[in-house]
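Notes follow the structure.
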Amino acid sequence: MSLHNRVKNRLSIVTGSQKRDTRGRIRELLWTDFVQSMPFWLPPTAMLVIFVYGSVLWNMIISLTDFQGISRPEYRVSNFDLDMYVQMLSDPSFHSAARNTVVFMIAFTAICLVIGLLLALLLDRQVKFGSVFRTIYLLPFSLSYVVTGVLWLWMFNFEVGVINTLLRIIGLGVFAQHWLSNPNLKLLSVILALVWQYSGYAMVIYLATLRTIPRAHYEAAKVDGASLYTMYRKVIIPQLSSAVVSISVVLMLFTLKAFSWLYVVFGRNPGPAADILGTMMYREAFAATNWAYGAAIGTVLFGITITMLAPYLYWQYKRGEL
Amino acid sequence: MNIITEIKRMANARIDGSAECLRGIRSSRVILHLITIGVLAGFLLPLHSGVMTSIKTPSEFAETLPMVPPNIGSITIEPWTVAFETLSTSMINSLMFTIPAMVGSAVLGSIAAYGLTMVDWRGQVGIMSLFVAAIFVPKQALLVPISRFWSIVDLQGILANLGPLNLWALPFLQPYHATIFELAVYHTVFGISICTLLFRGYYLTIDQSLIEAAKLDGASFFATYWHIIRPLSYPMFAVVCIFQFTQIWNEFLFGLVLSSGTQAAPATVTLNDLNSGYAQLYNRQAAGAFIVAIPTLLVYLMFGDKFAKAQEY
């Protein structure tokens with residue numbers, strides 16, 4: 001109960017003879033914060049529940065049918081089964097997509113965490129033009145995947161692309177690669193391009209956390225004669241752990257959505273070496289009209305998201321940050 | 001000019017890093033500067049070579065190094081004009097749903113955050129979790145129902161038969177605007193969750209005694225919002241709108257599913273078509289990419305600090 005209510009109750013005890021009757025009670029109930037706040041949070045919540053969670057539920061139901069777009073899906077309980085999920089278990093393209101999703105998720109997040117940290121520490125040491133540098137490092141993050149996809153198609157081009165050209169200039173032409181068609185390099189190329197786009201995000205979160213480290217910590221360490229290395233290892237980096245958790249969760253969940261970049265660069269089918277669940281879902285549903293199968297993959301993606309998000313939300317709740 | 005002064009302003013404004021705190025500890029400034037410049041060059045390389053390619057002729061970009069500027073005599077803006085012609089109508093489409101969805105999601109986010117922050121009741125955290133989870137729900141988990149829904153509901157037909165009124169007979173309205181309306185609705189609803197989170201982070205920092213004082217003076221819940229919270233929220237509205245503008249403008253998947261191949265296609269979808277259409281015309285593709293990026297780049301360069309702030313919540 002808020003302070004406001006407590007004060008009001010006390011006031012009504014002192015002054016409120018007119019509030020004693022039933023009508024007054026009702027009026028008082030209508031005055032509670034809960035009821036009064038309803039018009040504010042209820043409509044947006046209802047929209048969210050209907051559009052987002054309603055669609056998720058509908059999607060789950062479709063995944064239980066065997067809808068392939070010819071007639072309407074049959075919404076009869078007797079018709080529901082887990083065939084689509086069984087099919088996944090024996091589908092090699094689901095296996096490769098799931099494996100790529102996990103590899104992509106871990107490698108991409110780890111590299112972003114490291115590069116973002118280096119960028120943040122570099123910027124944190126810098127007095128002049130720090131803001132300009134921050135703007136530039138975060139700039140790729142403000143671009144659409146379609147835009148970065150087009151730019152990186154050019155970077156990775158075999159004959160005249162930037163990366164191969166640079167390698168040839170410095171005499172390492174033998175290392176020039178078919179970055180986007182060699183199955184061994186595809187996923188690596190995807191990760192490289194998206195790290196370029198996303199490490200700025202990690203940097204901003206690190207920077208915000210760095211700013212919260214009290215000055216006294218630095219002073220104390222300096223008085224103790226700490227070297228720069230010790231300063232980083234013992235004073236600065238340990239305090240970034242909460243930032244690491246937040247960045248990891250956001251970036252890992254992002255990789256489940258990295259569909260657009262892959263679609264722009266590879267089209268509908270990135271091939272088994274770079275296919276992820278997001279691209280596979282779109283292909284199954286919208287190209288192959290295996291709607292129910294696509295819905296099942298979508299449900300799996302939702303399941304992964306919630307499984308990863310729930311502990312994080314609980315952790316935030318415990319820290320009083322939710 | 002505005003951007004340049006803004007960059008200058010940002011350059012002059014010192015960010016209060018640990019640099020001062022670490023001063024006096026031995027380290028090589030030269031190495032630090034070299035690393036910084038190297039990293040910066042690496043970051044700008046894709047953008048730089050994209051710009052350079054976009055002003056070269058096809059024969060020149062095939063023969064010259066991608067990051068080297070073209071010969072002064074052979075600079076061409078033809079890729080930009082051709083790409084702009086292809087993209088202009090879809091840029092307007094994008095604006096037509098981006099702006100309403102930006103405003104709508106910001107307003108709904110603000111009121112939801114107010115309702116969920118300023119009141120103490122038990123369900124609050126549960127509802128907030130719904131909002132946070134909605135930010136991360138993959139669109140792939142919704143696409144099948146969305147396309148099912150719009151294959152059952154013919155919005156264009158419904159709006160043509162609103163009683164005696166045919167909406168499409170009105171000036172400036174075209175039947176394909178129905179799809180744009182759908183996009184605006186989806187972007188609004190999907191933006192609510194992140195907007196609520198951003199506003200909530202901000203409202204939690206507002207001094208509660210201000211609210212209590214208003215309530216003791218007899219201000220209703222609504223009056224408190226209107227007279228106290230709303231005016232205090234304007235800086236946050238700027239942050240949220242900037243963030244939402246870039247998010248919605250850049251979005252690709254909803255556009256692909258709802259409007260691909262129609263007149264309503266947003267800029268990102270048309271850029272992708274340009275991409276698959278002219279396989280070898282990299283100059284045109286790069287020019288198109290920058291044209292699509294210009295609105296977000298402008299917003300980002302003008303309000304970069306606010307954009308960064310939005311990420312911190």
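Please treat every number below as a calculation from the coordinates, not as lab data. Small disclaimer: the values here were computed from a predicted structure and weren't measured. We place every Cβ from the backbone using ideal geometry, glycine too, and count neighbours over all the protein chains shown.
For the range B:167-194, a tally of residues being closer than 19 Å to B:G157 by Cβ and either among the charged types (D, E, K, R) or not in a helix (DSSP H, G or I) (or both) returns 6. For the condition more than 10 Å from chain B (Cβ to nearest Cβ) and more than 27 Å from B:A133 (Cα to Cα), A:A221 does not qualify. If I filter the range A:229-245 for residues that are closer than 24 Å to A:I163 by Cβ, surrounded by fewer than 20 Cβ atoms within 10 Å (Cβ to Cβ) and either free of Cβ contacts under 8 Å to residues at least 12 places away in the same chain or out of contact with any Ser or Thr (no Cβ under 6 Å at 6 or more places or on another chain) (or both), do I get at least one hit? For the range A:229-245, residues closer than 24 Å to A:I163 by Cβ, surrounded by fewer than 20 Cβ atoms within 10 Å (Cβ to Cβ) and either free of Cβ contacts under 8 Å to residues at least 12 places away in the same chain or out of contact with any Ser or Thr (no Cβ under 6 Å at 6 or more places or on another chain) (or both): absent. Restricting attention to the range B:238-278, the residues that are closer than 21 Å to B:S59 by Cβ and more than 10 Å from chain A (Cβ to nearest Cβ) add up to 2. Looking at B:V119, B:V144, just one residue is surrounded by 16 or more Cβ atoms within 10 Å (Cβ to Cβ), assigned to a loop (DSSP other than H, G, I, E, B) and out of contact with any Leu (no Cβ under 7 Å at 6 or more places or on another chain), and that residue is B:V119.
Filtered by the rule that a residue be farther than 15 Å from A:M105 by Cα and not hydroxyl-bearing (S, T, Y), the range A:270-289 gives A:P270, A:G271, A:P272, A:M280, A:M281, A:R283, A:E284, A:A285, A:F286, A:A287, A:A288.
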